[in-house]
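K.L.:
One structure, pasted below without further comment.
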Amino acid sequence: MNVEEMKFVKVYDCLVAKAERKGRTKDEVNQVISWLTGYKKDKFDDMCKTDSTYKDFFDNAPKMNVNRALIKGKICGIQVENIEDSFMIEVRRLDKLIDELAKGKDMSKILRVPGNIDEYISIQDEKIRPLLVQVRELIEKEIPDATEKISFAMPTWWKNHNLIHFAAMKNHLGIYPGAGGVEYFAERLTNEGYKFSKGAIQFPYKNGIPFELIAEIARWCRENNS
């Protein structure tokens, strides 16, 4: 039987056993799986009660974590990032994470986050990378004396506190200027048809990114840095 046809429950039990032999826990394995695939624990518990294959498990994953592109290195003598098969690279990525867990690596290091904004942009879909570069440049222009960093796994500009973040979502660009920023621009956002909530604004890719508006929001964040 090839890996694709293996029952998910059997693979899952092996992953848990490998971790537990080294003093790690089933809950930690579940945390790793949820981070990688977007499954909630009850969902892959349900898969364990069916005849779902390992391929079914990956094919039906709610949301594969974009940061999985940061999983590199060897597992079973294979360089993970060089695998070309779309199924096998996900298998080996999960193997690599569980191997690190079993070897005692801290969970904060296992669950990858970009180390800087360049790395964050580099792992996004190639279609939206130019948009992210442009957004980064205009925020830098409006807040030139702020420090760039990754905070809450998002590109962030900081001066005394976090001023503004952005995040590349599946269908939209998220801008996070804090509750005050959203409140200030709420009427305009409503009039222009953008969705927003406390502290968060959504700009759908399909409608085009309003760079001038984002620049104004960044400028407001600079001017109201208190």
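K.L.:
Using alpha carbons only, how many degrees (0 to 90, rounded to 10) separate the axis of helix 178-191 from the longest principal axis of the chain?
P.N.:
Roughly 70 degrees, rounded to the nearest 10.
K.L.:
Something else about it: Which order do 68, 129 take when ranked by solvent-accessible area (1.4 Å probe, heavy atoms of all protein chains), largest first?
P.N.:
129, 68
K.L.:
Let me ask another. Toward the positive end of the charge dipole of the range 67-226, about the Cα centre and with charges on Cβ (Lys, Arg +1; Asp, Glu -1), which of 162, 144, 98 goes farthest?
P.N.:
98
K.L.:
Counting only heavy atoms of the protein chains, get the accessible area per residue of the range 102-226 (1.4 Å probe) and round it to a whole Å² value. Show your work: numbers first, answer last.
P.N.:
On the way: 6950 Å² over 125 residues.
Here the per-residue accessible area is 56 Å².
K.L.:
For the range 152-226 and the range 68-118, write down the distance between their C-alpha centroids in whole Å.
P.N.:
32 Å
K.L.:
Tell me, what ³J(HN,Hα) does each residue in the range 91-98 have, in order and in whole Hz, if you take phi through Karplus 6.51 cos²θ - 1.76 cosθ + 1.60 with θ = phi - 60° and put x for Gly and Pro?
P.N.:
Coupling constants for the range 91-98: 4, 6, 4, 5, 4, 5, 5, 5 Hz.
K.L.:
Could you state the angle between the C-alpha long axis of helix 129-142 and the longest principal axis of the C-alpha atoms of the chain, as a value from 0 to 90 degrees rounded to the nearest 10?
P.N.:
40 degrees
K.L.:
To the nearest 20 debye, what charge dipole does the range 1-135 have about its Cα centre, counting +1 at the Cβ of each Lys and Arg and -1 at the Cβ of each Asp and Glu? Can you show the working numbers first?
P.N.:
Numbers: 25 positive and 24 negative charges, 96 e Å.
It comes to approximately 460 debye.
K.L.:
After finding the eigenvalues of the alpha carbon gyration tensor for the chain, what semi-axes result from the square roots of 5 times each, listed largest first in whole Å? If you can, show how the numbers build up before the last one.
P.N.:
Numbers: eigenvalues 300, 68, 53 Å².
Working through the eigenvalues yields semi-axes of 39, 18, 16 Å.
K.L.:
Now for a separate question. Which value, in debye to the nearest 20, gives the size of the charge dipole of the chain about its Cα centre, when Lys and Arg are +1 and Asp and Glu are -1 at the Cβ? The partial results should precede the final answer.
P.N.:
Numbers: 36 positive and 35 negative charges, 123 e Å.
Value, rounded to 20: 580 debye.
K.L.:
Can you figure out the FRET efficiency of residue 76 with residue 124, using R₀ = 30 Å and their beta-carbon distance, to the nearest 0.05? Walk me through the numbers on the way to the answer.
P.N.:
On the way: r = 29 Å, r/R0 = 0.96.
Efficiency, from the Cβ-Cβ distance: 0.55.
K.L.:
So, one more: Pairs to check: 40/141; 105/127; 96/195; 40/198; 74/159; 7/206. Give those whose C-alpha atoms are more than 29 Å from each other in this structure.
P.N.:
On the way: 40/141 40 Å; 105/127 34 Å; 96/195 38 Å; 40/198 25 Å; 74/159 39 Å; 7/206 39 Å.
With Cα atoms farther than 29 Å apart: 40/141; 105/127; 96/195; 74/159; 7/206.
K.L.:
Can you give the relative contact order of the range 117-218 as a percent, counting alpha carbon pairs under 8 Å and 6+ residues apart? Walk me through the intermediate numbers first.
P.N.:
Numbers: 131 pairs, mean separation 22.6, N = 102.
With pairs under 8 Å counted, the relative contact order is 22 percent.
K.L.:
Something else: Order 157, 35 by their accessible area, 1.4 angstrom probe, all chains in place, largest first.
P.N.:
Details: 157 0, 35 40 Å².
Result of the area sort, largest leading: 35, 157.
K.L.:
So how do 196-203, 214-221 stack up, highest first, on mean other-Cβ count within 10 Å? Don't jump to the answer; show the numbers that get you there.
P.N.:
Values: 196-203: 16.1, 214-221: 20.1.
Most protected by this proxy first, the peptides run 214-221, 196-203.
The values are calculated or read from the model by the stated rules, or taken from the named source; none is laboratory data. Given the structure is predicted, the values throughout are model-derived calculations rather than measurements. FYI the Cβ positions are ideal-geometry reconstructions off the backbone, even for glycines, and counts take in every protein chain you see. Each accessible area value is taken on the protein alone, full model and side chains, heavy atoms only, with ligands, DNA and RNA left out. Shrake-Rupley method; radii C 1.70, N 1.55, O 1.52, S 1.80 Å.
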